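Asks: Quick one: structure below, then a few questions.
No value in this document is a laboratory result; all are computed from the given coordinates. Small disclaimer: the values here were computed from a predicted structure and weren't measured. Cβ coordinates were reconstructed from backbone atoms using ideal geometry, including for glycine residues, and neighbour counts include every protein chain displayed.
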Amino acid sequence: MIKVGIIGATGYAGSELVRLITSHPQAEIHTLTSQSYSGQPYGEVYENYRHTDYMCEEENIEKMAEECDVIFLALPHGVASKKINEDILSKTKIIDLGADFRLQDIETYEKWYTTHYAKDILPEAVYGLCEINRDKIKGRRIVANPGCYTTCSILSLYPLVKEKMVDLSSIIIDAKSGATGAGRGLSLGNHYCELNESVKAYKIANHRHTPEIEEQLSYAAGEDIVLNFTPHLMPMDRGILATCYAKLNKNYTYDDVRAAYEKYYKDEYFIRLTKKGVFPETKWVKGSNFVDIGFTIDERTNRVIVIGAIDNLFKGAAGQAVQNMNILFGLDEKTGIDMVPIFPA
């Protein structure tokens, strides 16, 4: 059995990791840490775990590295880079659900986030978008688990960018997220009365997932991409819906565009292409690792409109992290995360 440690186990992404590892047939939880709930039973933090004997422990990453085969970091940005060093990586594998190892360009990271404290480690980190970087993930010691908005946006656009079917300067991403995407910490904007019966755009033109999307799509295109990304907060618990717009380079037909998606995704179990005229909804992926993608062509403007949907806590965080773990340890990628979406929920 793979011995798993989770640092930051009481946040939303951390709790989803606990749920998935608990039911994983080839992994088991060895250590759970929580800064806020150290010394408390996990079942008192989340009552749905009252049947378990998990305890929230004080963090000791050096000890965890000695005892765990893999450590998941479910921490705010700027924290992981202070904890990871060569000694830790020589003893265990790291899957970081935060942003610290996602961007390879240090200047870009420090412009959008904060000072990076593990510049020597950064070049070794691989961006863990499984369907695109699977072969790069194998054998690595540290994986940067992608963000939720970025997972949905990149996978929605990747075939079009890779095949150079769209004007790269024309890309616009309009995305919506459930409230869990903002984390479990207290914030006025996430209170029920503030969030309910409303939809709002936030961090317009300066959301930190923007450079992550740009960097990964630039790798696909082989040239720099600058795009518009606008996130919105929705009054729901889970889900990401990304509506992506781009100008087509030619008068492509629906079948032309479909062929591009089939080329890259026909063998990808967790990517489901919808039928013509059917478009993704967050309720059809909730509680699963699936990415639903659909598109249409607006012949009047010669634009393609692509819609992607994921569960932000599953494929956008914990589910993809477990998928990365499965790849690292040579397991079937679907192990422990092959779940039918929950409906109704």
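Asks: I want the local charge near Thr296. Using Cβ-Cβ distances under 12 Å, sum +1 for each Lys or Arg and -1 for each Asp or Glu among the other residues.
Replies: Values: positive: Arg258, Lys275, Lys276, Arg300, Arg303; negative: Asp298, Glu299.
Local charge sum for Thr296: +3.
Asks: I'm spelling it out carefully: the read-out is P(r) over Cα pairs in 10 Å bins from 0, in percent, the candidates are (i) 5, 26, 35, 24, 8, 1, 0; (ii) 5, 22, 28, 24, 16, 4, 0; (iii) 5, 22, 25, 17, 12, 11, 7, 3, 0, and one was derived from this structure. Which label?
Replies: Checked against the structure: label (i).
Asks: Next question, about the same structure. Rounded to whole Å, give me the distance from the Cα center of the stretch 59-83 to that of the stretch 312-345.
Replies: 21 Å
Asks: Related question: With a 10 Å Cβ neighbour count serving as the proxy for reagent exposure, in which order, fewest first, do Lys136, Lys250 appear?
Replies: So the residues, fewest neighbours to most, are Lys250, Lys136.
Asks: Then there's this: Restrict the search to the stretch 263-345; then list the chymotrypsin sites (Phe, Trp or Tyr not before Pro) that DSSP places in a loop and that have at most 15 other Cβ atoms within 10 Å of their Cβ.
Replies: Answer by residue number: Tyr269, Phe329.
Asks: Using the Karplus curve 6.51 cos²θ - 1.76 cosθ + 1.60 with θ = phi - 60°, work out ³J(HN,Hα) for each residue of the stretch 275-290 in order, rounded to whole Hz, and write x for Gly and Pro.
Replies: Residue by residue, the stretch 275-290 yields 6, 4, x, 10, 10, x, 9, 5, 5, 8, 10, 4, x, 9, 9, 7 Hz.
Asks: For every helix of n ≥ 4 consecutive DSSP H residues, a contribution of -39,500 (n - 2.57) applies; sum these over the chain, divide by its total residues, and give [θ] at 222 nm rounded to the nearest 500 deg cm²/dmol.
Replies: Dividing the helical sum by the residues of the chain leaves -8000 deg cm²/dmol.
Asks: Rounded, prolate or oblate: which fits the stretch 199-345 when a ≥ b ≥ c are the square roots of the eigenvalues of the alpha-carbon gyration tensor, with rounded for a/c under 1.5 and prolate only if a/b beats b/c?
Replies: On the way: a/c = 1.41, a/b = 1.28, b/c = 1.10.
Since a/c stays below 1.5, the shape of the stretch 199-345 is classed as rounded.
Asks: Listed here are the pairs Lys266/Lys334; Lys136/Lys162; Lys164/Lys263; which of them are more than 21 Å apart at the Cα?
Replies: In this structure, not one pair exceeds 21 Å between Cα atoms.
Asks: I've got another one for you. Where Lys and Arg each count +1 and Asp and Glu each count -1, what net charge lies around Met165 among other residues with Cβ under 14 Å from its Cβ?
Replies: +2
Asks: For the chain, set up a GNM with springs between Cα atoms under 10 Å and report which of Asn196, Asn324, Asn228 has the largest fluctuation.
Replies: Asn196
Asks: Hey, what angle do you get for helix 319-328 against the long axis of the chain, alpha-carbon based, 0 to 90 degrees rounded to 10?
Replies: 80 degrees
Asks: Under the definition of Cα pairs under 8 Å and six or more residues apart, what whole-number percent is the relative contact order of the chain?
Replies: About 17 percent, as a whole number.
Asks: Please rank Tyr254, Tyr113, fewest neighbouring Cβ atoms within 10 Å first, as an exposure proxy.
Replies: Tyr254, Tyr113
Asks: Moving to a separate point now. Please arrange His191, His207 by how many other C-beta atoms lie within 10 Å of their C-beta, fewest to most.
Replies: Ordered from fewest to most neighbouring Cβ atoms within 10 Å, His191, His207 come out as His191, His207.
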